[in-house]
Amino acid sequence: MGCAYLNMRGFMRAMFLMLCALMILPELTHAKHARVTRHYKFNIKMQNFTRLCQTKSIVTVNGQFPGPRIIAREGDRIVVKVVNHVQYNVTLHWHGIRQLKSAWADGPAYITQCPIQTGQTYVYNFRVIGQRGTLWWHAHISWLRTTLYGPIVILPKRHVPYPFTQPFKEVPIILGEWWKADTEAIINQAMQTGLAPNVSDAHTINGLPGPVSNCSAKDTFKLKVKPGKTYLLRLINAALNDEMFFSIANHTLTMVEADAVYVKPFSTNIVLITPGQTVNVLLKAKSKAPNATFAISTRPYATGPAAFDNTTATGFLEYKKKSSLSSNKSNTKNLPLLRPAFPKFNDTVFAMNFHNKVRSLANARFPAKVPKTVDRHFFFTVGLGISQCSKKEQCQGPNNTRVAAAVNNVTFVTPNIALLQAHFFNKSKGVYTTDFPANPPFKFNYTGTPPSNIMVSSGTKAVVLPFNTSVELVLQDTSIIGAESHPLHLHGFNFFIVGQGNGNFDPKKDPKKFNLVDPAERNTAGVPSGGWVALRFLADNPGVWFMHCHLEVHTSWGLKMAWIVQDGKRRNQKLPPPPSDLPKC
């Protein structure tokens, strides 16, 4: 009897464990699908490339230009082992990734990490949480992102469809710039003289300038499409210093996503995309193959007083015909080439109208979580000025001055210890101060006649925010030296663009018109030339977060600052300690 009882108990226990396993198994299978760790190895190495009839050695990842594509699903972990084989210090930034509680992997040099020195290795380790769409990675030190960049493709979780037509094919299209000279030498010389650096020699589409000179015709991006099919173009502006118009002759594009956030679809012939931004558009091929080749073109939108690279990069959209490949090849050469029409290079009205069309989906599945109440209000002027050079320097501005750029009249001085380390270990003394001004030091007619004194102050200053602070930030362009559009990028957060306008921001009238229902949610926003933009975000990510102009020349001149978000009270609201292989300064 005793043995039978024990056997019965053992049987029941086994059945219970089996039932538990059956209940847990689907969860485990789902978890396996939901969260995968994707490993990449990035060898930073020099490689020869020929463009515009000249060969030069450039900094690359794994010898590729543009660099390799990172592909993940929402919820995945991405682990990238970076090995530096070049003479330069290197860091990489995963542009637009929220880096929730993984600020050590964000990448801007001397903000979240010291650079990876020659011969050294660092492993970037982060999860993609609540994001899907197109983002990108790039170097975040000096001007190395000229050639160190590539796409990040974040697919939805398994079995989750896009909220738009499923495309037949997806194609990354990265807009960039090419210099014949060494860009590190260009920016170093500019910083010594205090004058503007030389502009690029050509724009590129996926690293190719197209037929801009007799010997560059072979360096042309070609997109072959099938009649009637829909293509998802993942557009990235990786250019250093130019906002870009993008268009395909005789084809309409439907914008469906911006900065890895779905938007209310709208049709446009021309996309405006600032450095740092990403945009997904649907291209519906014509139902029958036309007897023409269509130019895929990109050219700058430029509003400032300085010179800019006014070249147009061109690729070809070609229709596949059912005829044999050999005859198709000869046919393509003889087909007429149709080119798109662009706005004027400084068409600020087009820019304002285009940005106003971008709206969040703001539905039950993809809500727009706009902060409705605001804890802290900030008003930042962004623009140019001049700073005094030391007696040792030979600057070529009036009275030994240099061109500078500033936020609230403070030009940022890069520290020699990473801000995040100084903050985390409570060693801020001598590294940074927390007195960044919430408002300009003095009021003036920001977009009118500039003040007589246009000298800027300098310092390594940050704003400290308690965890979960809701922030409203108005960014105001100034006309000092010249009004100009500034693409501002905020690390570690998406923000909502609740308003924008021309002229000076009016704190009494303008907030009444703010869109708190379906504003665009982005990580990079163009501050309109001679105008303002209002942003809101929730400081729910502990760490030190860089905010800077994505025109690299302006970042070099100091148009940057940092936000410090303190830990929350709960365990899951605190930044973990740094990884053991974090580079040392």
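What follows draws every value from the coordinates through simple rules; no lab data is involved. The shown structure was predicted, so the numbers you read here are calculated from the model rather than taken from an experiment. Neighbour counts run over all protein chains shown; Cβ positions are idealised from the backbone, glycine included.
Across the stretch 57-63, rounded Karplus estimates of 3J(HN,Hα) from the backbone phi angles (6.51 cos²θ - 1.76 cosθ + 1.60, θ = phi - 60°) give 8, 10, 7, 9, 9, 6, x Hz, Gly and Pro being marked x. How far is the Cα center of the stretch 480-527 from the Cα center of the stretch 202-219, in Å? With the stretch 480-527 and the stretch 202-219 each reduced to a Cα centre, they are spaced 35 Å.
So, in Å, what gap is there between the alpha-carbon centers of the stretch 366-404 and the stretch 270-322? If we compute the Cα centre of each part, the gap is 32 Å. Each of Asp567 and Arg376 was given a label point 7 Å from its Cα along the Cα-to-Cβ line. The distance between the two points is 1.9 nm.
When the trypsin sites (Lys or Arg not before Pro) in the stretch 104-204 are filtered for DSSP coil states and for at most 14 other beta-carbon atoms within 10 Å of their beta-carbon, the remaining sites are Lys157, Arg158, Lys180. Compared with the direct C-alpha span, the chain from Ala185 to Ile129 gains 16.3 nm at full extension, assuming 0.36 nm per residue. Projected label points at Ile71 and Phe164, each 7 Å from Cα along the beta carbon direction, are separated by 2.0 nanometres.
Annotation: extensible slack from Thr50 through Asn250 equals 68.9 nm (criterion: 0.36 nm per residue apart, minus Cα-Cα distance). Pairs Lys344/Lys509; Lys222/Lys286; Lys81/Lys560; Lys169/Lys286: which are spaced more than 21 Å apart, C-alpha to C-alpha? From the list (Lys344/Lys509; Lys222/Lys286; Lys81/Lys560; Lys169/Lys286), the Cα-Cα distance tops 21 Å for Lys344/Lys509; Lys81/Lys560. Put simply, the amide H of Gln277, placed in the peptide plane, has neighbours under 5 Å in Asn237, leaving out anything fewer than 5 places away on its chain.
For the stretch 465-583, what class follows from the C-alpha gyration tensor (a ≥ b ≥ c being the square roots of its eigenvalues): rounded when a/c is under 1.5, otherwise prolate if a/b is larger than b/c, else oblate? Oblate shape, in that a/c is at least 1.5 and b/c is the bigger or equal ratio. Under the simplified labelling scheme, the Ser213-Asn269 pair shows an inter-label distance of 3.2 nm, with each label point 7 Å from Cα along Cα→Cβ. In the chain, the calculated helix contribution to ellipticity at 222 nm averages -4000 deg cm²/dmol per residue, counting -39,500 (n - 2.57) for every DSSP H run with n ≥ 4.
Of the trypsin sites (Lys or Arg not before Pro) in the stretch 375-468, the ones in a loop by DSSP (not H, G, I, E or B) with at most 12 other beta carbons within 10 Å are Lys391, Lys392, Lys427, Lys429, Lys443.
Work out how much length Thr121 to Leu516 would gain on full extension: take 0.36 nm times their residue separation and subtract the Cα-Cα distance, in nm to one decimal.
So the extension gain works out to 137.8 nm.
Taking a point 7 angstrom from the Cα of Asn353 along the C-beta vector, which residues in the stretch 261-294 have backbone N less than 15 Å away? 267-272, by backbone N distance to the label point. Here the average projected area of the convex hull drawn through the C-alpha atoms of the chain stands at 33.9 nm². Would you work out which of Ala190, Tyr124, Asn214 lies farthest towards the positive end of the dipole of the chain? Charges go on Cβ: Lys and Arg +1, Asp and Glu -1. Projecting each Cα onto the dipole axis, the largest value belongs to Tyr124. Once the other residues with Cβ under 14 Å from the Cβ of Leu475 are scored (Lys, Arg +1; Asp, Glu -1), what is the net sum? Net charge around Leu475: -1. Sequence-ordered 3J(HN,Hα) estimates for the stretch 82-91 from the Karplus curve with 6.51, -1.76 and 1.60 and θ = phi - 60° stand at 9, 10, 8, 9, 10, 6, 8, 5, 9, 9 Hz, glycine and proline given as x. Here the calculated FRET efficiency for Ser580 and Asn400, from their Cβ-Cβ distance with R0 = 45 Å, stands at 0.45, rounded to the nearest 0.05. Backbone phi angles across the stretch 127-143, fed through the Karplus curve with coefficients 6.51, -1.76 and 1.60 (θ = phi - 60°), yield HN-Hα couplings of 10, 9, 10, x, 10, 8, x, 10, 10, 7, 10, 7, 4, 10, 7, 6, 10 Hz in residue order; Gly and Pro are listed as x.
Shown here for the stretch 480-521: trypsin sites (Lys or Arg not before Pro) in loop regions (DSSP other than H, G, I, E, B) with at most 13 other Cβ atoms within 10 Å, namely Lys508, Lys509. For the chain, complete DSSP H runs whose alpha carbons reach 24 Å or more along their own long axis and whose mean Kyte-Doolittle score is -1.0 or higher are 2-34. Between the amide H of Ala462 and those of Thr433, Thr434, Asp435, Phe436, distances stay under 5 Å, these residues lying 5 or more places away or on another chain, with hydrogens modeled in the peptide plane. Mean sequence separation of contacting Cα pairs (under 8 Å, at least six apart), scaled by the length of the chain, corresponds to a relative contact order of 14 percent.
So, R0 is 22 Å and r is the distance between the beta-carbons of Asn453 and Asp506; what FRET efficiency does that work out to, to 0.05?
The pair Asn453/Asp506 has a calculated efficiency of 0.30.
Amide H to amide H, with H built 1.01 Å from N, Ala362 comes under 5 Å of Ala368, counting only residues 5 or more places away or on other chains.
The overall shape of the stretch 194-332 is oblate: from the C-alpha gyration tensor, with semi-axes ordered a ≥ b ≥ c, the ratio a/c is 1.5 or greater and a/b is no larger than b/c.
Dipole check for the chain: with +1 at the C-beta of Lys and Arg, -1 at the C-beta of Asp and Glu, and the Cα centre as origin, the magnitude is about 2140 Debye. With point charges of +1 on the Cβ of Lys and Arg and -1 on the Cβ of Asp and Glu, referenced to the Cα centre of the chain, which listed residue (Ala539, Gly315, Val527) lies farthest in the positive direction of the dipole? So the residue furthest toward the plus end is Gly315. Classified by the C-alpha gyration tensor, the stretch 239-293 has an oblate form. Its axis ratio a/c, with a ≥ b ≥ c, is 1.5 or above, and a/b does not exceed b/c.
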